[in-house]
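Enquirer: Pasting a structure here, questions to come.
The values are calculated or read from the model by the stated rules, or taken from the named source; none is laboratory data. Please read these numbers as outputs of a predicted model, since none were measured by experiment. Note: ideal-geometry Cβ built from the backbone for every residue, glycine included; neighbour counts use all protein chains shown.
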Amino acid sequence: MINKTALPAAQSHVWLIGGGIASMASAVFLIRDACMRADHIHILEEFGLVGGSLDGSKSPTVAGYVTRGGRMLEEEAYQKLWDLLASIPSLEDPAVSVREEILAFNEKVKTESHARLIDANHVKIDAAAYGFDNRDRLEMMRLLATPERLLGARRIDEMFGKHFFQTNSGRCGAPPSPSRIGTAPSS
């Protein structure tokens, strides 16, 4: 528990790097738990669009909105995030929490996903463009389906064959690294 009287929140300024969910959550905790003034929290974002991988914008080439790293905000996987959002009042109606606002929006505007992978021009691409074969896909599904407690101290190169590390999967052919196994959703 933070000793709110020990912090000079009225004079302090905080700079957060990146406009993603981590900085947004940090700002909420600073306001709520450390009594930090909101106008003393500065979020620095290189792209000029806040939200990180959760950003969204109307697409001129696609009917609807596109997010770079769209997330399905289902309640079970993101419990801590939903708890945090429940403590933030809506800008439009302070009697309603941001959590309630999002759930109402999701009920009204259903998610409709037509692709898992898109290029920089919002054109659908097949996973084969990344060099994945069926074995790579099966290995990925096996990893995602394995409970965290069963993964233990296994390294990523124990989960995937050599071919996976030779694909253009965003790993750029880098050698296997134990730190790359972090695929569990954060909350």
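Enquirer: Looking only at the range 106-139, filter to residues that are of a type in the set (S, T, N, Q) and at pLDDT below 80; which one of those is farthest from Trp82 (Cα to Cα)?
Expert: Asn121
Enquirer: I've got another one for you. Take the residues in the range 162-186 that are assigned to a loop (DSSP other than H, G, I, E, B) and surrounded by 13 or more Cβ atoms within 10 Å (Cβ to Cβ), then tell me which one is modelled with the highest pLDDT.
Expert: So the residue we want is Thr167.
Enquirer: Further, regarding this structure: May I ask you to list pairs of residues, at least six apart or on different chains, whose Cβ atoms are under 9 Å apart, with the first in the range 1-20 being at positive phi and the second being loosely packed, with under 11 Cβ neighbours inside 10 Å and at pLDDT 55 or above?
Expert: Gly18/Leu44; Gly18/Glu46
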